[in-house]
Amino acid sequence: MQPDATLSLAEVGRFNALADRWWAPDGPMAPLHRMNPLRVAWITRRLRRHFAEGFPGEILDVGCGAGLLAEALARDGFPVLGLDAAPAAIAAAEAHAQGQDLPLRYRSGRIETLIEEHMTFSVITALEVIEHVPDPGGFLSGLGAALAPRGLLIVSTLNRTLRSLMTAKIGAEYVARILPTGTHDWRQFIPPRVLSGMAGAAGLRTIDSAGMSFDPLRRQWHQSRDLSINYIMAFEKR
């Protein structure tokens, strides 16, 4: 894994700048606030099915930002370590979780450091992260290295299609302006078959996938079979 595989300084700076508005429901992270209940429900169903005899260990949420997913999973009773390279985002996450008595802790840093410390996790989540790293394949390899045997990796991202270009990039950033301009680079979006191939090269087996579709009239996200824009996938370590 190359040293720069998991980190773009430009992206870290972008998300650091958003840290103080991360938890505002109608702020720049509003799409993630609306998407989060769907993401959490999809993940928890798979965790409870995969670990039917009881959940071992801790979830590592890579690229946790200010903690939208990490905090929600902790409220559902899962121990969580949130990891992010943006220190301002981690500070916002810690401030928001303060006083809630959740099984949740945060750390500012990179996946390479945890690998060097020989840390492994039963579950790793990386949602809306992989499209922001310079080397997606290297990033997946790092996540796989930190995953315990039979552990689950859950990744969500955007498909590289004409529909995603028109809606998730042009529509969201320049027309509806529900995302800050420059949030995404469409060239970094990843087709599901490519993501599965990268995961296979990292020693991971694809076990599940679903589309995450937005209903603009109800302003709600729902699970679907349409993977042409937003999608989520689960992988098991071989």
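Once you place label points 7 Å from the Cα toward the Cβ at ARG105 and THR44, how far apart are they in nm?
Between ARG105 and THR44, the simple spin-label model gives 2.4 nm.
Please list, in order, the residues from the stretch 28-67 whose amide nitrogen is less than 19 Å from a point placed 7 Å along the Cα→Cβ vector of HIS118.
Zone members listed by number: 57-58.
Nothing charged except the Cβ atoms of Lys and Arg (+1) and of Asp and Glu (-1): what's the magnitude of the dipole of the stretch 9-237 about its Cα centre? Round to the nearest 20 debye. Intermediate values should be presented prior to the final figure.
Numbers: 24 positive and 23 negative charges, 164 e Å.
Its charge dipole is roughly 780 debye.
What residue among ALA89, TRP221, PHE15 has its Cα farthest toward the positive end of the dipole of the chain, where the charges are +1 on Lys, Arg and -1 on Asp, Glu, each on the Cβ?
Among ALA89, TRP221, PHE15, the one farthest towards the positive end of the dipole of the chain is TRP221.
For the chain, just the Cα set please: Rg and Dmax, both in angstrom.
Computed over the Cα atoms of the chain, radius of gyration and Dmax are 16.5, 48 Å.
So what does log10 I(q)/I(0) come out to for the stretch 77-123 at q = 0.15, 0.21, 0.23, 0.26 Å⁻¹, using the Debye formula with one equal point on every Cα and no solvent?
Debye intensities relative to I(0), on a log10 scale: -0.43, -0.78, -0.89, -1.03.
Find which of ALA24, SER196, PHE139 sits farthest along the positive direction of the dipole of the chain, computed with +1 on the beta-carbon of Lys and Arg, -1 on that of Asp and Glu, about the Cα centre.
Ranked along the dipole, the leading option is SER196.
So for the stretch 140-238, what percent of the C-alpha to C-alpha distances run longer than 18 Å?
Details: 2471 of 4851 pairs.
In whole percent, the share of Cα-Cα pairs in the stretch 140-238 beyond 18 Å is 51.
For the stretch 178-221, max minus min Cα coordinate along each principal axis, in Å, sorted largest first?
Largest to smallest, the principal-axis extents are 39, 24, 11 Å.
I need the semi-axes of the equivalent ellipsoid of the stretch 109-196: take the C-alpha gyration tensor, multiply each eigenvalue by 5, square-root it, list largest first in whole angstrom.
Working: eigenvalues 170, 35, 21 Å².
Semi-axes, largest first: 29, 13, 10 Å.
What list do you get for LYS237, LYS169 if you sort them by fewest beta carbons within 10 Å?
Ordered by Cβ neighbours within 10 Å, fewest first: LYS169, LYS237.
What is the spread of the Cα atoms of the stretch 4-54 along each of their three principal axes, largest first, in whole Å?
42, 33, 14
With bins 10 Å wide starting at 0, give me the P(r) of the stretch 1-111 over every alpha carbon pair, in whole percents.
Going out from 0 Å in 10 Å bins, the stretch 1-111 shows 14, 43, 33, 9, 0 percent.
Please state the relative contact order of the chain as a whole percent: Cα pairs under 8 Å, 6+ residues apart? Show your work: numbers first, answer last.
Working: 457 pairs, mean separation 46.2, N = 238.
Relative contact order for the chain comes out at 19 percent.
For the chain, what does -39500 (n - 2.57) per DSSP helix run (n ≥ 4), summed and divided by total residues, give at 222 nm, in deg cm²/dmol to the nearest 500? Intermediate results must be reported in sequence, preceding the final value.
Details: 7 runs with 75 residues, N = 238.
Helices in the chain give a 222 nm mean residue ellipticity of -9500 deg cm²/dmol.
We did not get these values from a lab; they are worked out from the coordinates using the rules stated. These figures come from a predicted structure and were not determined experimentally. With ideal geometry, Cβ positions are generated from the backbone for all residues, glycine too; neighbour counts draw on all protein chains shown.
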